[in-house]
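Here is the structure we will look at, set down as structure tokens.
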Amino acid sequence: QVQLVESGGGLVQAGDSLRLSCAASGRRFITSAMGWFRQAPGKEREFVARIRWSGGSTEFADSVKGRFTVSRDNAKNTVYLQMNSLKPEDTAVYYCALDQFGTGRGYDYWGQGTQVTVSS
């Protein structure tokens, strides 16, 4: 029904910036919201950011607030995670996910993930 494809990950130095993209295909609604999550080795999956397709309201985890921004391009069905001032602790596999109905209760579809590695 829905496929999400992340891109833009890579290896960067601490302090650098990186922009991740998530291209969505398939069914979504005006009320849908997109989330970004990350999972580092040995850790639980962690919420990073969320954006609603309608209105573009956003929220961020405290750990990334002030450094990361999230945006969307409705024409391209793509959401972006702009990561600035990257730290080694940001190293993780980053996933985008679709809350198809915007309920905030959970996410219905997940991308395959893209690796972000921040070296010191």
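Does the stretch 85-94 contain any residue that is of a type in the set (Ser, Thr, Tyr), out of contact with any helix residue (DSSP H, G or I) (no Cβ under 9 Å at 6 or more places or on another chain) and over 19 Å from Glu6 (Cβ atoms)? The answer is yes, given that some residue of the stretch 85-94 is of a type in the set (Ser, Thr, Tyr), out of contact with any helix residue (DSSP H, G or I) (no Cβ under 9 Å at 6 or more places or on another chain) and over 19 Å from Glu6 (Cβ atoms). One residue stands out in the stretch 25-69 among those that are among the aliphatic types (A, V, I, L, M) and under 12 Å from the mean Cα position of the chain (by Cα): the one that is surrounded by the fewest Cβ atoms within 10 Å (Cβ to Cβ), namely Ala61.
For Val79, are the conditions met, namely being under 17 Å from Asp99 (Cα atoms) and surrounded by 13 or more Cβ atoms within 10 Å (Cβ to Cβ)? Taking the combined requirement at face value, the residue satisfies it. Taken across the stretch 94-110, residues that are part of a strand (DSSP E or B) and exposed (fewer than 15 other Cβ atoms within 10 Å of the Cβ) do not occur at all.
Within the stretch 49-65, residues that are within 13 Å of Thr31 (Cα to Cα) and among the hydroxyl-bearing types (Ser, Thr, Tyr) sit with their Cβ atoms under 8 Å from residues that are surrounded by 15 or more Cβ atoms within 10 Å (Cβ to Cβ) and at pLDDT 95 or above, at 6+ positions apart or across chains, in these pairs: Ser57/Ile51. hydroxyl-bearing (Ser, Thr, Tyr), within 21 Å of Thr103 (Cα to Cα) and in contact (Cβ under 8 Å) with a residue 60 or more places away in the chain - does that describe any residue in the stretch 27-39? Looking for residues that are hydroxyl-bearing (Ser, Thr, Tyr), within 21 Å of Thr103 (Cα to Cα) and in contact (Cβ under 8 Å) with a residue 60 or more places away in the chain, one finds at least one in the stretch 27-39, hence yes. Annotation: Gly42 fulfils all but one of (1) part of a strand (DSSP E or B); (2) free of Cβ contacts under 8 Å to residues at least 12 places away in the same chain; the unmet one is (1).
The values are calculated or read from the model by the stated rules, or taken from the named source; none is laboratory data. Just so we're clear, the structure is a prediction, and the values are computed from it rather than from any experiment. Counting neighbours? That spans all protein chains shown, and the Cβs are built from the backbone with ideal geometry, glycine included.
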